[in-house]
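Here's the structure we're looking at; comments come further down.
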Amino acid sequence: MAPEPPLWEQWEAERARLPGGERLQKVLAAVGWGSRRACEELIAAGRVTVNGEVAVLGRRVDPEHDLVEVDGAPIGVRPDLVHYLLNKPTGVVTTARDTHGRPTVLDLVPVEPRVFPVGRLDADTEGLLLLTNDGELANRIAHPRHGVDKEYLAEVEGGRVAAGALRRLREGVELDDGVTAPAEVSQPEPGVLRITIHEGRNRQVRRMCEAVGHPVRRLVRTRIGPLTDRRLAPGAWRPLTVEEWSALVRAVAGDPRRYDRST
Ligand code: URA
């Protein structure tokens with residue numbers, strides 16, 4: 001009779017026989033797609049793909065490396081990544097530490113895991129700011145090439161802004177660091193401008209308005225690409241929903257399949 005293989009060999013063989021990864025419905029449920037039962041139905045309906053192939057029930061995935069998509073949009077399968085939407089109040093700075101001892105945006109969100117702001121808002125600007133520990137997504141959002149637009153509501157001095165000034169804001173304004181790219185500008189009320197820009201230059205909206213003779217009195221960022229939230233109170237934050245995260249990934253990637261979350 002052949003001798004028994006050493007115990008460690010038996011153990012290795014056992015491990016090789018065991019399926020790896022997590023059950024797909026468990027992963028989907030963990031990132032907010034509903035109960036495991038509901039997630040099984042999503043899979044059975046053929047709405048879930050893994051690395052581009054329609055998944056079948058019982059499929060296991062490695063959340064770190066497999067690209068899981070529902071209806072063509074990637075899901076947030078990296079449990080270590082967090083994305084917060086903060087409504088920054090005035091007086092709070094967008095740096096990690098302020099030399100003047102002012103509160104920072106990091107004082108308003110959980111300490112762990114450590115996150116960083118995507119782009120910046122001036123201390124005197126209010127509104128939406130994204131904080132994340134997802135460096136790849138942050139780079140893409142911040143890069144003007146990916147065209148994630150940002151919308152601001154600006155209350156300006158001098159009352160109604162004339163048509164000529166609105167046109168200049170739309171077509172490009174000469175600033176000391178060059179002409180601004182075309183912007184979307186409307187005036188929902190006299191002296192209140194809704195401005196959408198794709199660039200992220202320092203104090204850009206304030207400088208644009210000043211350049212056309214209407215310094216900004218109050219500035220609020222109301223949208224970052226697909227992200228908006230009128231109910232979030234100043235100083236409050238919340239995690240992005242999976243749908244928001246997916247929309248953001250689509251906005252920066254054009255084709256979500258090009259967004260490689262395994263690197
Ligand atoms: N433009 C500004 O002028 N300030 C901000 O904080 C953001 C955009």
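The values are calculated or read from the model by the stated rules, or taken from the named source; none is laboratory data. Not measured: the values here are computed from a predicted model. Ideal geometry is used to build each Cβ from the backbone, glycine not excepted, and the neighbour counts take in all protein chains shown. Just so you know, the surface numbers come from the protein's heavy atoms only, side chains and all, with ligands and any DNA or RNA stripped out. Shrake-Rupley method; radii C 1.70, N 1.55, O 1.52, S 1.80 Å.
Conditions (1) open to solvent by 60 Å² or more (accessible area, probe 1.4 Å); (2) of a type in the set (A, V, I, L, M); (3) assigned by TED's automatic domain parsing to the domain that holds P110; (4) farther than 21 Å from T90 by Cβ, marked per residue:
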| residue | (1), (2), (3), (4) |
| --- | --- |
| E157 | yes, no, no, no |
| A163 | yes, yes, no, yes |
| R167 | yes, no, no, yes |
| P188 | yes, no, no, yes |
| L193 | no, yes, no, no |
| E199 | no, no, no, yes |
| R203 | yes, no, no, no |
| V212 | no, yes, no, yes |
| R231 | yes, no, yes, no |
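Among the residues making up segment 221-239, those that are in a strand (DSSP E or B), away from the ligand (no atom under 12 Å from the Cβ) and closer than 15 Å to Y84 by Cβ are L227, W237, R238, P239. Restricting attention to segment 129-148, the residues being in contact with a His (Cβ under 9 Å, 6 or more places away or on another chain) and either open to solvent by less than 30 Å² (accessible area, probe 1.4 Å) or of a type in the set (A, V, I, L, M) (or both) number 6.
Residues of segment 186-206 include none that is within 16 Å of the ligand (Cβ to nearest atom), in a strand (DSSP E or B), out of contact with any Gly (no Cβ under 8 Å at 6 or more places or on another chain) and within 20 Å of V105 (Cα to Cα). Of note, R218 does not satisfy the criterion of being modelled with pLDDT of 95 or more, within 16 Å of the ligand (Cβ to nearest atom) and buried (at least 17 other Cβ atoms within 10 Å of the Cβ). Considering segment 174-185, the residues that are away from the ligand (no atom under 13 Å from the Cβ) and either open to solvent by less than 20 Å² (accessible area, probe 1.4 Å) or aliphatic (A, V, I, L, M) (or both) include one that is farthest from A154 (Cα to Cα), namely V179. Cβ-Cβ distances below 8 Å connect the following pairs, each with a first residue in segment 117-128 that is acidic (D, E), a second residue that is open to solvent by 30 Å² or more (accessible area, probe 1.4 Å) and within 7 Å of the ligand (Cβ to nearest atom), and a separation of six or more residues or different chains: D122/R203.
Taking segment 117-127 as the range and being part of a strand (DSSP E or B) and within 12 Å of I141 (Cβ to Cβ) as the test, only P117 passes.
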